[in-house]
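Take a look at the structure below.
The values are calculated or read from the model by the stated rules, or taken from the named source; none is laboratory data. Predicted model, so just to flag it, every value in this text is computed and none were measured. Counting neighbours? That spans all protein chains shown, and the Cβs are built from the backbone with ideal geometry, glycine included.
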Amino acid sequence: MYRIVIQPTALKLLKDISDRRIRQKISDRIDKLQESPEMQGNPLLGELDGYYSVRAVGQRYRIIYAIEHMQVTVIVVALGIRKDGSKQDVYVLAKKLLRLGLLEDPDNDQTDDQNPNQ
């Protein structure tokens, strides 16, 4: 069973969703990632290579996450509405966070608390 870690940026995005029922459905979907996370999501390509995306709340929302197999951890890095062509699109947001260095590196199988000098 994988441990779930929600990065602060993703947690803020979750808390910013005004509808409590939608927040709960997304939280429930995140919890399901504890079991076989690589089988549930679709691997992303391009700038987001190494990350996975899974649908939540029907087709509308996406949860973007990385898997650290050595740490048996799923790291939720972003979530939001899929709006193709919009600046508000969750994938556009994730790419922006990646460029700003605010996303967990999916190729790095170490956590920050293991090596505080990173």
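Please go through the range 31-71 and give me each residue that is in contact with an Asp or Glu (Cβ under 7 Å, 6 or more places away or on another chain) and acidic (Asp, Glu), ordered by number. Of everything in the range 31-71, just one residue is in contact with an Asp or Glu (Cβ under 7 Å, 6 or more places away or on another chain) and acidic (Asp, Glu), namely GLU68.
Would you confirm whether any residue within the range 83-106 is among the polar types (S, T, N, Q) and modelled with pLDDT of 95 or more? Walk me through how you get there before you give the answer.
Narrowing the range 83-106 to residues among the polar types (S, T, N, Q): 86, 88.
Then keep just the ones that are modelled with pLDDT of 95 or more; that gives none.
Checked against the condition, which is being among the polar types (S, T, N, Q) and modelled with pLDDT of 95 or more, the range 83-106 yields no hits at all.
For LYS25, the conditions (1) without any contact (Cβ under 8 Å) to a residue 24 or more places away in the chain; (2) closer than 20 Å to LYS83 by Cα are fulfilled apart from (1).
For the range 44-52, the condition holds for at least one residue, the condition being that it is part of a helix (DSSP H, G or I) and within 12 Å of the chain's Cα centre (by Cα).
Free of Cβ contacts under 8 Å to residues at least 40 places away in the same chain and part of a helix (DSSP H, G or I): does that describe ARG55?
Taking the combined requirement at face value, the residue does not satisfy it.
Conditions (1) in a loop (DSSP other than H, G, I, E, B); (2) touching a helix residue (DSSP H, G or I) at 6+ places or on another chain (Cβ under 7 Å); (3) among the aromatic types (Phe, Trp, Tyr), marked per residue:
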site	(1), (2), (3)
ALA10	no, no, no
LEU14	no, yes, no
GLU38	no, no, no
GLN59	yes, no, no
ILE63	no, yes, no
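Residues of the range 66-89 that are among the charged types (D, E, K, R) and part of a strand (DSSP E or B): GLU68 alone.
Only one of these is among the β-branched types (Val, Ile, Thr), touching a residue at least 12 places away in the same chain (Cβ under 8 Å), within 21 Å of VAL5 (Cβ to Cβ) and in contact with a Leu (Cβ under 7 Å, 6 or more places away or on another chain): ILE63, ILE67. Name it. Quick ask: steps written out before the conclusion?
On the way: ILE67 fails: in contact with a Leu (Cβ under 7 Å, 6 or more places away or on another chain).
Just one listed residue meets the conditions, ILE63.
Scan the range 49-99 for residues that are surrounded by 13 or more Cβ atoms within 10 Å (Cβ to Cβ) and acidic (Asp, Glu) and the total you get is 2.
Can you tell me which of GLN40, GLN34, GLN24 is surrounded by 13 or more Cβ atoms within 10 Å (Cβ to Cβ) and more than 25 Å from LYS96 (Cα to Cα)? Steps first, please.
Details: GLN40 fails: more than 25 Å from LYS96 (Cα to Cα); GLN24 fails: surrounded by 13 or more Cβ atoms within 10 Å (Cβ to Cβ).
Only one candidate qualifies: GLN34.
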